[in-house]
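As structure tokens, the structure follows; a few thoughts come after it.
The values are calculated or read from the model by the stated rules, or taken from the named source; none is laboratory data. These numbers come from a predicted model, not from an experiment. Cβ atoms come from the backbone with ideal geometry, glycine included; neighbour counts cover every protein chain shown. Areas reflect the complete protein model, heavy atoms only, side chains present, ligands, DNA and RNA absent. Shrake-Rupley method; radii C 1.70, N 1.55, O 1.52, S 1.80 Å.
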Amino acid sequence: ASDVYKRQVYNELINMKGAYTFAMIATFISSVYANSFYLKSYLKAQDEKQKLEIALIKEKESALQFQLNSLKLQINPHFLFNNFSTLSELIESEPATASDFLSHLSKVYRHIVRNLNVNLIDLRDELKFIDSYFYLMKLRHGESIKVTIDNSLRASDHKIPPASLQLLIENAIKHNAFSAELPLIIDIRAEKDYLVVRNLKQPLERPAESSGVGQSNIASRYSLLSSKGIRIEDSDHFYSVSVPLL
């Protein structure tokens, strides 16, 4: 009887051990399944989060590009208004000069239109454009306006927003008095990581009306393209605008 009892106890222990082992295996399998489920859920959530972040970035880029395009479109009417006004005066006073002016104006305008779809342009190309633009100013004003450009800039690998230099030169011409005896001198040079456009102040007897497009347009475009903003220095004797070289 004692042996039978011992055998029964032994069998029960074996069964309990088997049940415990089975329970441990079942628990392990259940844990693996649960972890696998949560891992899949986590990876899916991360993937959806990443897709959402990418979508938001693209949306922000689209919004920024729309703002940049809107700002660039301001340049066209601003440029045309000022130069058609000049052309109108020349037609009445100097018809031969007006014809030459119109020919070069069309070349300059083509440059602006061609670069409407770009946010940045090589500084070298912008300076070539300035050479053409300054030719127009020479036709109109003769030796009463002089532009000096640091030659090292013509080999620069930097970029700036298109037409920004032209707007700054135009701004200087519009808001200063000048003549052959007292020419307006505009100096363009690099200072560290900035392109500086500076002129001596020669105030007009009656300040010119301003549309506010030129300088604010440049500042707005830089705020969208760079963490660096433009710098303005308005002293008693000179006016200077520094734009970041990108």
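Data overview
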{"quantity": "Per-region count, the stretch 201-235, residues open to solvent by 80 Å² or more (accessible area, probe 1.4 Å), at pLDDT below 90 and among the charged types (D, E, K, R)", "calculated": "3"}
{"quantity": "Failed item, numbered, when Gly229 is tested on (1) of a type in the set (Gly, Ala, Ser); (2) in contact with a Ser or Thr (Cβ under 9 Å, 6 or more places away or on another chain); (3) over 16 Å from Pro161 (Cβ atoms)", "calculated": "(3)"}
{"quantity": "Unmet criterion (only one of (1) basic (Lys, Arg); (2) within 27 Å of Ile121 (Cα to Cα); (3) not in a helix (DSSP H, G or I)) for Arg206", "calculated": "(2)"}
